[in-house]
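Asks: What follows is a structure written as structure tokens; I'll ask about it next.
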Amino acid sequence: MTKYEQLEMAIPAKPEYVAIARLTVSGVANRMGYTYDEIEDIKIAVSEACANAVQHAYEENEEGSMTLTCNVYPNDRLEVIVKDSGVTFDKDSVKRQSSPITENHDLDSLHEGGLGILMIEALMDRVTIEKANGVTVHMTKYMNRDEVGQSASKVSTTPSQ
């Protein structure tokens, strides 16, 4: 079994705390050596997952929380898990509503929102969503090291004949 370090924190499901989740994953990803662009992708994905929990998991006056977990696999990957214990949603329905816009779409029929999950899937390498006792979003970003530097000793610079 691969060893990893785990950071876990409970955060109130309120808009003003989404920035705490962003700062946390930014610091973890930076420490791991991700590039600036990869860190920005991770921050956006985590923001979307947290915003979904804030906006959809709990009733308007209901106090709720979300758990942010970072599993750090050194030199390999970062797994980020955002979990709430509020109401679940129908992922397939959201994806159908968020299908690509074409010339044939009536602008009045477009739905607001619903692109967060698609954005998370586009920015992260692996995403799974579990709907049991709330919603749990598992997001994984693999390390993209400089492959040229790693392969340089294997590449011949002499012309082949």
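Asks: I need the full set of residues from the range 1-22 which are assigned to a helix (DSSP H, G or I) and surrounded by 11 or more Cβ atoms within 10 Å (Cβ to Cβ), in order please. Don't jump to the end; show me each part of the working.
Replies: First pass over the range 1-22, keeping only residues assigned to a helix (DSSP H, G or I): 15-22.
Correct list: 15, 17, 18, 19, 20, 21, 22.
Asks: Give the residue that is nearest to residue 123 (Cα to Cα), with candidates limited to residues of the range 47-59 that are open to solvent by 30 Å² or more (accessible area, probe 1.4 Å) and within 14 Å of the chain's Cα centre (by Cα).
Replies: 48
Asks: I'd like the full set of residues that are exposed (fewer than 13 other Cβ atoms within 10 Å of the Cβ) and farther than 14 Å from residue 144 by Cα, limited to the range 23-46.
Replies: Within the range 23-46, 23, 31 meet the criteria.
Asks: OK, next. Quick check: anything in the range 68-79 in a strand (DSSP E or B), of a type in the set (Val, Ile, Thr) and touching a residue at least 60 places away in the same chain (Cβ under 8 Å)? It would help to see each step written out before you state the result.
Replies: Going residue by residue through the range 68-79, those that are in a strand (DSSP E or B) are 68-73, 77-79.
Restricting the remaining residues to those that are of a type in the set (Val, Ile, Thr) gives 69, 72.
Those left that are additionally touching a residue at least 60 places away in the same chain (Cβ under 8 Å): 69, 72.
Scanning the range 68-79 turns up at least one residue that is in a strand (DSSP E or B), of a type in the set (Val, Ile, Thr) and touching a residue at least 60 places away in the same chain (Cβ under 8 Å).
Asks: So which residues in the range 10-49 are free of Cβ contacts under 8 Å to residues at least 60 places away in the same chain and hydrophobic (A, V, I, L, M, F, W, C)?
Replies: Taking the range 10-49 as the starting set, the residues that turn out to be free of Cβ contacts under 8 Å to residues at least 60 places away in the same chain are 10-12, 14-20, 22-28, 30-31, 36-37, 39-40, 43, 47.
Across the range 10-49, the qualifying residues are 10, 11, 18, 19, 20, 23, 25, 28, 39.
Every residue, every condition in (1) of a type outside the set (D, E, K, R); (2) under 27 Å from residue 58 (Cβ atoms); (3) modelled with pLDDT of 95 or more; (4) assigned to a strand (DSSP E or B), yes or no:
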{"site": "82", "(1), (2), (3), (4)": "yes, yes, yes, yes"}
{"site": "87", "(1), (2), (3), (4)": "yes, yes, no, no"}
{"site": "95", "(1), (2), (3), (4)": "no, yes, no, no"}
{"site": "100", "(1), (2), (3), (4)": "yes, no, no, no"}
{"site": "103", "(1), (2), (3), (4)": "no, no, no, no"}
{"site": "140", "(1), (2), (3), (4)": "yes, yes, yes, yes"}
{"site": "144", "(1), (2), (3), (4)": "yes, no, no, no"}
{"site": "148", "(1), (2), (3), (4)": "yes, no, no, no"}
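The values are calculated or read from the model by the stated rules, or taken from the named source; none is laboratory data. Here the structure is a predicted model, which is why all the values come from computation and not from measurement. Every residue, glycine among them, receives a Cβ derived from its backbone with ideal geometry; neighbour counts consider all protein chains shown. All accessible areas refer to the heavy atoms of the entire protein, side chains included, with ligands and DNA or RNA removed. Shrake-Rupley method; radii C 1.70, N 1.55, O 1.52, S 1.80 Å.
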